Amino acid sequence: MTSSPTLSRRAVSSKAPLPRKSRQRAADARAGYTFLLPWLLGFIALTVGPMISSLYLSFTNYNLFEAPKWIGFDNYATLFQDERFLQSVGVTVGYVVFGTPLKLAAALAVAMLLNSKRKGQGFYRSAFYAPSLVGASVSIAIVWKAMFGDSGPVDQGLSFFGINLGGWVGNPSMTMPMFILLTVWQFGAPMVIFLAGLKQIPADLYEAASMDGAGPVRKFFNITWPMLSPVIFFNLLMETIHAFQIFNSAYIISNGEGGPAGSTLFYTLYLYLRGFSDFRMGYASAMAWLLLIVVGILTLIIFRTSKSWVHYSGDSK
Amino acid sequence: MTTMTTPTPSKSATPPPSVYNPKSESMGMKRTKSVAFHAVALILTAIVLYPGLWMIASSFKPNSEIGGANTSLWSANFSFDNFVTAMDGIGGVSTLTFFTNSLVLAVGAVVGTILSASISAYAFARINFPGRGLFFGMMIATLLLPFHVVIIPQYIIFQQLGLVDTYVPLLIGKFLAADAFFVFLMVQFMRGLPAELDEAARIDGAGHVRIFGSIMLPLMKPALISTSIFSFIWSWNDFLGPLLYLNTPEKYPLPLALRLFVDQTQSSDYGAMIAMSVLALLPVLVFFLVFQRYIVEGVSTQGLKG
């Protein structure tokens, strides 16, 4: 993403005499920075500045009312002895590791189902996408809590089939499946992106494979998966980063406490509680930086490994 | 996974439309397949839409029929009572006030985002200036940044400026193009517009302001519509921002009011709670029904999330 060879050169300047060219360049520079001003201001004031001060705060004790006190790596050291912190890591990792692949698998399966010319495709696409639009809202969290309430509709529905799970919301071992169902339910957003990717795969590849006698499984692994891999990569990256940041539903479903037995104490919820309920802003900043580092490393790993499984077709300009 | 082993890799850039090959399938087989497809798709639709339908149905039911064994969507005792209670609001503030607050915030977010993101995107996409590539890379990097890293210092800044409990912290980022997603979306869109347009305008003596205002903006309508829809809905659903910055119920937008409502009524009035949830989602649902084509297409071409 350095310089800009990809962007179209302006033909105007190439024919003009040199002084005019450099004058144009100066004018462009001025205009460029003027147009970029809102973003630049926001970037410095709302992103870079806060990032630096959050890094600084993570090495301090700060409660918003007294000046920050430098304590070196104490916050970080304390974190790893903080049982609630470790629990929040466990909860979040469990959610990301199980929720994200399941959601993507559902998205891909349904996208493949919908990727054929049939009536009603538009309707199904919209119906499946709808949950993604409202999934993180407080309303849906309330509905989820009510539906999955102990002896609520879901529980009752399951007991009709002779399944008794001992409740969801109040049962520490069932809260995670409940949250995973909530995220899988929102498979529509990655599904729509998968669908767009599937439409790009040339149909003659499948025809040729059929002629060679390839079955659906072979076609999937030899054509669909490699051709779709850039889109799978994009969805995996975005959904993973997204999943780490779950907050609204965790806050609402657990009444902002992370219960029962800490089973819904997601990382961001604990960060919020430390920072904005206990006013331990230095501690919460250390948590934020750890999250940044972990997400950064994960992004790097996904990018690195992508070379071995993401297939970019050579014929794209 | 390995790459393709298909013996005939395609050379054609434009694949033929994937129509059915009539030779390969009999009419009866086609019918069976079609019925199977719709059966599966409809069952899935029912599962996916059930929570929403349950919510709407419950909002019309008396409390006694909501909890427990009532998985049914039907009730013999439909009434609007829950909505009447829900409209009363909470803590002496009517729900209409919360609606107005949400609307102010959402419209502010749309206006701010459209203005700032389009201006910044024009600089990235159409003006050649030193440092552009670097800044563009940084902008993309913020897409991957967990926002929790910045919320604590941001809160401290706004607190020290005395701006807590105002809408400024919730809106200022929108006017400063802080949602990198929208900037990126518009940059991609503008790059797709033919370069001859601004070249011709330049020869005619138009400056960047004119080119942006009278050539780019009108052509960017699809991108502007996507951005408006999504920034409206995201702002409408936003919870963490208001939770951090607002403490007077008179200023609460709906999601925060909803939480207050839940906290204070708990399970005593389930019906009203769900009715208020429905009310809070209503604009999003209406938006979706009206613009669903734009929304779903916007996602597939721009990779937006929900």
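Count of the stretch B:197-218 residues, restricted to those that are charged (D, E, K, R) and not in a helix (DSSP H, G or I), is 1.
Yes/no per residue for (1) more than 7 Å from chain A (Cβ to nearest Cβ); (2) free of Cβ contacts under 8 Å to residues at least 24 places away in the same chain; (3) among the aliphatic types (A, V, I, L, M):
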site: B:Ser102; (1), (2), (3): yes, no, no
site: B:Ala109; (1), (2), (3): yes, no, yes
site: B:Gly112; (1), (2), (3): yes, no, no
site: B:Phe124; (1), (2), (3): yes, no, no
site: B:Phe136; (1), (2), (3): no, no, no
site: B:Thr142; (1), (2), (3): no, no, no
site: B:Pro146; (1), (2), (3): no, yes, no
site: B:Phe182; (1), (2), (3): yes, no, no
site: B:Glu199; (1), (2), (3): no, yes, no
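If you scan the stretch B:170-180, which residues turn out to be open to solvent by 10 Å² or more (accessible area, probe 1.4 Å), at the interface with chain A (Cβ under 10 Å from one of its Cβ atoms) and aliphatic (A, V, I, L, M)? Once the filter is applied, which keeps residues that are open to solvent by 10 Å² or more (accessible area, probe 1.4 Å), at the interface with chain A (Cβ under 10 Å from one of its Cβ atoms) and aliphatic (A, V, I, L, M), the stretch B:170-180 yields B:Ile172, B:Leu176, B:Ala178. Filtered by the rule that a residue be closer than 18 Å to A:Glu83 by Cα, open to solvent by 20 Å² or more (accessible area, probe 1.4 Å) and either assigned to a helix (DSSP H, G or I) or out of contact with any strand residue (DSSP E or B) (no Cβ under 9 Å at 6 or more places or on another chain) (or both), the stretch A:278-309 gives A:Asp278, A:Leu290. Of all the criteria given as (1) touching a Ser or Thr at 6+ places or on another chain (Cβ under 7 Å); (2) of a type outside the set (A, V, I, L, M); (3) within 30 Å of A:Ile71 (Cα to Cα); (4) open to solvent by less than 30 Å² (accessible area, probe 1.4 Å), the one not satisfied by A:Glu239 is (3). Within the stretch A:169-221, the set of residues being open to solvent by 60 Å² or more (accessible area, probe 1.4 Å) and within 26 Å of A:Met238 (Cα to Cα) comprises A:Leu181, A:Lys199, A:Gln200, A:Phe221. Of the residues examined, A:Ala107 is one that is more than 10 Å from every other protein chain (Cβ to nearest Cβ), within 27 Å of B:Ile229 (Cα to Cα), open to solvent by less than 20 Å² (accessible area, probe 1.4 Å) and part of a helix (DSSP H, G or I). Only one of the listed residues (A:Val134, A:Val138, A:Val91, A:Val96) is touching a helix residue (DSSP H, G or I) at 6+ places or on another chain (Cβ under 9 Å), more than 14 Å from every other protein chain (Cβ to nearest Cβ) and either open to solvent by 20 Å² or more (accessible area, probe 1.4 Å) or hydrophobic (A, V, I, L, M, F, W, C) (or both). That residue is A:Val91. The C-beta contact set for the stretch A:201-218 (first residue within 8 Å of chain B (Cβ to nearest Cβ) and closer than 17 Å to A:Asn115 by Cα, second residue open to solvent by less than 30 Å² (accessible area, probe 1.4 Å) and of a type in the set (D, E, K, R), distance under 6 angstrom, 6+ apart or interchain) is empty. Of the residues making up the stretch B:213-271, those that are in contact with a Leu (Cβ under 8 Å, 6 or more places away or on another chain), more than 28 Å from B:Ser300 (Cβ to Cβ) and among the acidic types (Asp, Glu) number 0.
With respect to A:Lys145, is the statement that it is farther than 16 Å from A:Met176 by Cα and either at pLDDT below 95 or open to solvent by 50 Å² or more (accessible area, probe 1.4 Å) (or both) true? For A:Lys145, the condition - farther than 16 Å from A:Met176 by Cα and either at pLDDT below 95 or open to solvent by 50 Å² or more (accessible area, probe 1.4 Å) (or both) - is not met. Restricting A:Phe123, A:Phe161 to those that are at the interface with another protein chain (Cβ under 10 Å from one of its Cβ atoms) and free of Cβ contacts under 8 Å to residues at least 24 places away in the same chain reduces the list to A:Phe123.
The values are calculated or read from the model by the stated rules, or taken from the named source; none is laboratory data. Here the structure is a predicted model, which means the values were calculated and not measured. All Cβ positions, glycine included, derive from the backbone under ideal geometry; neighbour counts span all protein chains shown. With ligands, DNA and RNA removed, areas are computed over all heavy atoms of the protein, side chains included. Shrake-Rupley method; radii C 1.70, N 1.55, O 1.52, S 1.80 Å.
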